[in-house]
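Read-outs: derived from the displayed coordinates by stated rules, not from any lab. Predicted, not measured: the structure shown is a model, and the values here were computed from it. Quick reminder, even Gly has a Cβ in these numbers, built from the backbone with ideal geometry, and neighbours come from all protein chains shown.
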Amino acid sequence: MVILRCVGPEEFFLERVVFPFELLSFECPPGSEVNVWTHGLGGPELLETLQAAELGTDFPAPSPLVDPAGSAGPWELNWSDAV
C-alpha cells in the first residue's frame, strides 16, 4: 500500500491511498508534483518524487459517432452522422 500525494499550483491538492494491483487515474494542473509515500518502521517514508508531466497519458479523441453537443448520451449513436 502506498499514498500518492499530488500538489500543484493554485492550491491544488490530491491524496489517495493506492493498494497493490490497483490503478489510479487522476487529472491535475500542469506543473504539479507527485509524491509516493509508504509506511516504514519509523513512520512515513518518501519513496519517489515525480513531475506529473512524466506520468501523463494521451487519451484518444472522442468517436465521431457520438454527438459532441451532448444531446445524446455517450453510449448513443448520432444516426444522422452514421448514415
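To keep it simple, each residue is scored yes or no on (1) loosely packed, with under 10 Cβ neighbours inside 10 Å; (2) touching a helix residue (DSSP H, G or I) at 6+ places or on another chain (Cβ under 8 Å).
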{"residue": "VAL18", "(1), (2)": "no, no"}
{"residue": "PHE21", "(1), (2)": "yes, no"}
{"residue": "CYS28", "(1), (2)": "no, yes"}
{"residue": "GLY31", "(1), (2)": "no, yes"}
{"residue": "VAL36", "(1), (2)": "no, no"}
{"residue": "GLY43", "(1), (2)": "yes, no"}
{"residue": "LEU47", "(1), (2)": "no, no"}
{"residue": "ALA52", "(1), (2)": "no, no"}
{"residue": "THR57", "(1), (2)": "yes, no"}
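On the stretch given as segment 18-41, residues that are of a type in the set (Ser, Thr, Tyr) and under 11 Å from ILE3 (Cβ atoms) total 1.
So how many residues does segment 14-38 have that are farther than 17 Å from GLY56 by Cα and not in a loop (DSSP other than H, G, I, E, B)?
Residues in segment 14-38 being farther than 17 Å from GLY56 by Cα and not in a loop (DSSP other than H, G, I, E, B): 6 in total.
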